[in-house]
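Student: Structure below; questions to follow.
The values are calculated or read from the model by the stated rules, or taken from the named source; none is laboratory data. Keep in mind that what you see is a predicted model, and the values were worked out from it rather than measured. Heads up, the Cβs are rebuilt from the backbone with ideal geometry, glycines too, and the neighbour counts pull from every protein chain shown.
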Amino acid sequence: MRKQKRLDVLLQAVALFVPRFPGLRVLLVGDGSERASLEALVEELGLGETVMMLGSRGDVRDVLEAFDVAAVSSDFEGSPLAVMEYMEAGLPVVSTAVGGLPKMIHDGVHGRLVAPRNPDALAAAIAELLADPERRARMGAAARERRRTEYDLDVMVSRVEDLYEQLLAAR
């Protein structure tokens, strides 16, 4: 829960679509310097019954089983481990199109990409997937497959080995 994660934007988005999905729960996992201000924003937006702040967890895989959609609202990112965990869990990812995220998540294939700091766009993309379980399942399956074929440790090691062999052959 750091400023760059822009969880305030996510909470503003949740406030926009939560009336369409009675009983929805939004789980925020992690801790950090922004927690107190985020808790205050949850109360200000009237999301106390919707948003659950779980703090730091050692059972992230188990927690992800409760998700229908994963969301990333960051201002900047590289290639976050959390997104790889979401993909492995078979979740479609709604994310801001920043840093390395557009290389990981292809819009409409593995999830949805939106402009940063745009609660309306984030809300629309999340609501679209919440309302369409078949599309959500398709995107989640595609995300898992991409994680396993593109971001698996063995695959990445093999690519580095291939690069070294090419460099040695070029000498």
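Student: Which ones in the range 1-49 are aromatic (Phe, Trp, Tyr) and either over 30 Å from Gly78 (Cα atoms) or surrounded by fewer than 13 Cβ atoms within 10 Å (Cβ to Cβ) (or both)?
Tutor: Phe21, the sole residue that qualifies.
Student: Please name all residue pairs, on different chains or six or more residues apart, with Cβ atoms under 7 Å, provided the first residue is in the range 32-43 and is closer than 10 Å to Leu11 by Cα and the second residue is part of a helix (DSSP H, G or I).
Tutor: Leu38/Leu7; Leu38/Asp8; Leu38/Leu11; Leu41/Asp8; Leu41/Leu11; Val42/Leu11
Student: Next question. Kindly establish whether Ala124 is assigned to a helix (DSSP H, G or I), at pLDDT 95 or above, farther than 16 Å from Ala70 by Cβ and not acidic (Asp, Glu).
Tutor: Considered against the rule, which asks whether it is assigned to a helix (DSSP H, G or I), at pLDDT 95 or above, farther than 16 Å from Ala70 by Cβ and not acidic (Asp, Glu), Ala124 comes out as yes.
Student: Just for the range 62-106: of the residues that are of a type in the set (Ser, Thr, Tyr) and farther than 19 Å from Arg117 by Cβ, which one is surrounded by the most Cβ atoms within 10 Å (Cβ to Cβ)?
Tutor: Result: Tyr86.
Student: Would you confirm, using the coordinates I've provided, whether Arg159 is out of contact with any helix residue (DSSP H, G or I) (no Cβ under 6 Å at 6 or more places or on another chain), free of Cβ contacts under 8 Å to residues at least 24 places away in the same chain and in a loop (DSSP other than H, G, I, E, B)?
Tutor: no
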